[in-house]
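FYI, it's all coordinate maths here, none of it is from the lab. This is a predicted model, so every value here is computed, not measured. Note that we place each Cβ from the backbone using ideal geometry, even for glycine, and neighbour counts take in every protein chain shown.
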Amino acid sequence: MHITTIGFDADDTLWHNESFFRLTQDRVLTLLADHAERDHLETRLIAAERRNIGHYGYGVKGFTLSMIETAIEVTDGRVPASVIAEIMAAGRELLAHPLELLPHAREAVEALAPSHTLVLITKGDLLHQERKLAQSGLGDLFHGVEIVSEKTPETYARAFARHGNGPDRALMVGNSMKSDVLPAIAAGGWGVYVPHGVVWELERAEAPAGHPRFHELTDLGGLAGLVAELG
């Protein structure tokens with residue numbers, strides 16, 4: 001069936017993201033190095049993020065609050081106010097970090113925009129994601145933008161029905177197997193996995209090897225060719 005709609009993830013699909021989070025995390029863990037071993041600090045931070053996703057959602061603000069919570073926990077409540085202030089400053093810097101497009105992101109979007117309905121479907125803080133899209137210079141090429149709290153099969157079914165001809169004629173592109181590929185396939189669409197860098201622990205999942213609607217690319221440079229082949 002002819003593909004008419006293409007969904008793009010944003011963070012680490014169109015532009016760099018996780019590497020900046022990792023640098024910020026390293027900075028904060030160094031501040032707490034006198035209180036616990038690095039492996040223990042990382043474990044406690046991941047546990048805090050896992051607990052807090054349902055309360056704070058995805059993005060820098062939730063990440064910053066989880067780092068503060070971890071600092072309080074590992075110091076038994078004795079973390080200096082100066083450390084809390086440094087964590088908050090690190091979070092603000094992360095929000096203000098300049099956007100950097102990934103290789104082939106612009107050419108992939110520009111190549112497909114004339115022939116397909118493009119939808120940006122991403123998780124994260126609303127204002128931050130809107131600001132990054134504006135900075136990317138790609139905003140005018142998208143027919144619709146969906147900033148969602150979670151990416152589920154129902155999320156994709158609604159988004160592709162709202163902006164296209166339904167999930168069975170849609171393809172989702174992203175770097176997360178858990179959020180971008182598996183639920184899009186479950187909704188009835190195609191899922192294209194484009195891995196990039198280190199995968200956040202909460203986004204890990206097994207690939208649906210052998211599934212007829214699953215494809216993997218090394219980068220976005222091959223996306224237009226794949227869509228033409230499928231379509």
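What does the C-alpha gyration tensor say about the overall shape of segment 124-201? Classify as rounded when a/c is under 1.5, otherwise prolate if a/b is larger than b/c, or oblate. Kindly include the intermediate steps, with their values, before the conclusion.
Details: a/c = 1.69, a/b = 1.15, b/c = 1.47.
The shape class here is oblate.
What is the order of VAL148, VAL28, VAL109, fewest Cβ neighbours within 10 Å to most?
VAL148, VAL28, VAL109
For LYS61, give me every one of the lysines with a C-alpha distance below 20 angstrom, ignoring sequence neighbours fewer than eight places off in its own chain.
In chain and number order, the partners are LYS123, LYS132, LYS151.
Order by neighbour count: TRP15, TRP190, fewest other Cβ atoms within 10 Å first, most last.
On the way: TRP15 17, TRP190 27.
Going from least to most buried by this count: TRP15, TRP190.
³J(HN,Hα) across segment 41-46 via Karplus (A = 6.51, B = -1.76, C = 1.60, θ = phi - 60°), whole Hz, x for Gly/Pro?
Coupling constants for segment 41-46: 4, 4, 4, 5, 5, 4 Hz.
Report relative contact order for the chain in percent, whole number only (criteria: Cα-Cα under 8 Å, sequence separation at least 6).
The normalised contact order for the chain reaches 27 percent.
Rounded to whole Å, give me the distance from the Cα center of segment 55-93 to that of segment 173-193.
32 Å
Which value in nm describes the separation of the simple spin-label points at ASP168 and ALA186, placed 7 Å from the Cα toward the beta carbon?
2.0 nm
Cβ under 13 Å from GLU154's Cβ, GLU154 left aside: what net charge do those residues give with Lys, Arg +1 and Asp, Glu -1?
Neighbour charge sum, excluding GLU154 itself: +1.
Label segment 18-95 by shape, choosing from rounded, prolate and oblate, from the square roots a ≥ b ≥ c of the eigenvalues of the Cα gyration tensor; if a/c is under 1.5 it is rounded, and otherwise prolate applies when a/b is larger than b/c, oblate when it is not.
rounded
Return the loop-located GluC sites (Glu not before Pro) in segment 123-187 (DSSP other than H, G, I, E, B) with at most 15 other Cβ atoms within 10 Å of their own Cβ; answer none if there are none.
Listed in order of number, the matching sites are GLU150.
For the Cα atoms of the chain, what angle does the longest principal axis make with the long axis of helix 60-74, in degrees from 0 to 90, nearest 10?
Result, in degrees: 30.
In whole angstrom, how far apart do the alpha carbon centroids of segment 128-155 and segment 19-43 sit?
First find each Cα centre; the distance between them is then 30 Å.
Give me ARG92, ARG44 sorted ascending by neighbouring Cβ count inside 10 Å, so fewest comes first.
ARG92, ARG44
Which residue fluctuates the most in the chain, going by a Gaussian network model with Cα springs under 10 Å, if the choices are LEU118, LEU14, LEU127?
Of LEU118, LEU14, LEU127, the most mobile in the Gaussian network model is LEU127.
Tell me whether segment 19-60 comes out rounded, prolate or oblate; compute the Cα gyration tensor, take square roots of the eigenvalues as a ≥ b ≥ c, and use a/c under 1.5 as the rounded threshold.
Since a/c reaches 1.5 but b/c is at least a/b, the shape of segment 19-60 is classed as oblate.
Once you charge only the Cβ atoms, +1 for Lys and Arg and -1 for Asp and Glu, what is the size of the charge dipole of segment 18-95 about its Cα centre, to the nearest 20 debye?
Numbers: 9 positive and 12 negative charges, 50 e Å.
Result for segment 18-95 is approximately 240 debye, rounded to the nearest 20.
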